[in-house]
1. Just to be sure, is Gly130 open to solvent by less than 20 Å² (accessible area, probe 1.4 Å) and at positive phi?
2. Out of the residues in the range 39-61 that are in a helix (DSSP H, G or I) and open to solvent by 40 Å² or more (accessible area, probe 1.4 Å), state the one that is modelled with the lowest pLDDT.
3. Identify, by number, the condition in (1) in a helix (DSSP H, G or I); (2) open to solvent by less than 70 Å² (accessible area, probe 1.4 Å); (3) out of contact with any Lys or Arg (no Cβ under 9 Å at 6 or more places or on another chain); (4) not acidic (Asp, Glu) that Cys97 doesn't meet.
4. Condition first: surrounded by fewer than 16 Cβ atoms within 10 Å (Cβ to Cβ) and either touching an Asp or Glu at 6+ places or on another chain (Cβ under 9 Å) or under 30 Å from His191 (Cβ atoms) (or both). Now tell me which residues in the range 113-127 satisfy that.
5. Looking at (1) within 18 Å of the chain's Cα centre (by Cα); (2) open to solvent by 60 Å² or more (accessible area, probe 1.4 Å), which one does Leu36 not meet, given that it meets all the others?
6. Those residues that are aromatic (Phe, Trp, Tyr), touching a residue at least 60 places away in the same chain (Cβ under 8 Å) and either assigned to a strand (DSSP E or B) or within 17 Å of Ile127 (Cα to Cα) (or both), I need them from the range 8-38; list them, please.
7. Among the residues that make up the range 62-69, is at least one of them open to solvent by 10 Å² or more (accessible area, probe 1.4 Å), part of a loop (DSSP other than H, G, I, E, B) and of a type in the set (D, E, K, R)?
8. Among the residues that make up the range 211-231, is at least one of them of a type in the set (D, E, K, R), open to solvent by 60 Å² or more (accessible area, probe 1.4 Å), at pLDDT 85 or above and within 17 Å of the chain's Cα centre (by Cα)?
Amino acid sequence: MNLYEAIFVRKSVRNYSMEGLNPQTLDKIRAHYKELTSLFGNIDTDISILDNRKGQQKVMSFFSVKAPYYLAFYSEEAPRSLMNMGYMMEQMVLYLCSIGIGTCYIGSNRIKKTQLTKDGKNLVGIIAFGKSKGSHVRKQSEAKRLSLDELCIFKEVPRQWMKQLLEAARLSPSSMNRQPWRFVVYDNRIHIFSKRYSVEQLRKWDEVNFGIMFANMMVVAEELWLDVDLIKLEDISQKNFSNNQYVLSAILKP
């Protein structure tokens with residue numbers, strides 16, 4: 001299984017065997033992170049693998065999913081740093097799925113104070129991972145997501161590669177499965193919007209959510225040999241939308 005295939009079958013795993021992974025696998029996970037591409041390349045990031053096989057992360061297990069390991073993601077503070085971190089987290093989640101390891105995004109950051117920062121970088125997000133009890137994948141049809149017709153306004157009839165890109169975006173995980181993204185679709189471009197929320201905490205997590213979604217889109221683009229530029233168009237940025245906020249546009253070249 002490659003990352004592209006993992007997009008369509010990965011599921012959130014909440015039940016794990018507390019059996020450990022071999023040291024070589026953990027080293028491969030650390031090495032793979034260092035090879036990732038970031039959405040915004042000038043932001044400093046890092047990870048830590050937190051061992052919970054003996055219940056060392058009791059607070060984490062109590063408030064969320066009990067797993068043998070947690071992958072903690074750290075980033076320096078910078079504009080769009082949360083979106084950048086979501087982009088990298090999803091790449092790691094897809095990689096872990098591709099090598100047979102179950103994962104689950106964790107909503108709570110309740111961990112030891114000493115683990116909240118690393119070398120001047122702040123904790124952004126956590127992923128539970130390990131050997132799952134049962135399958136770590138599911139059928140694509142089992143994913144509980146809004147349909148493309150509910151998420152998209154089609155200004156032109158989309159070609160097949162555009163549909164594949166949008167389907168990957170549709171299947172992206174998001175906090176509380178809110179699916180905040182909305183798309184205005186043309187033949188070779190997608191204007192991407194976020195649903196407006198009045199609660200500041202929701203807006204914060206939506207940056208991470210959109211990073212996750214952009215990671216899925218870029219994995220598909222690489223698989224289909226598409227050139228994709230993610231840019232902010234000033235003529236759209238200056239417009240006021242009552243229920244949605246403009247995020248970015250994806251310009252595609254097959």
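The values are calculated or read from the model by the stated rules, or taken from the named source; none is laboratory data. In this text, all values refer to a predicted model and were calculated from it rather than measured experimentally. Here the Cβ positions follow ideal geometry from the backbone for every residue, glycine too, while neighbour counts run over all protein chains shown. Calculation scope for accessible area: heavy atoms of the full protein, side chains included, ligands and nucleic acids excluded. Shrake-Rupley method; radii C 1.70, N 1.55, O 1.52, S 1.80 Å.
1. So Gly130 fits the description; yes.
2. Applying the filter and picking the extreme gives Val59.
3. Only one criterion is unmet by Cys97, namely (3).
4. Asp119, Gly120, Asn122
5. With respect to (1) within 18 Å of the chain's Cα centre (by Cα); (2) open to solvent by 60 Å² or more (accessible area, probe 1.4 Å), Leu36 is out only on (2).
6. Tyr16
7. yes
8. yes
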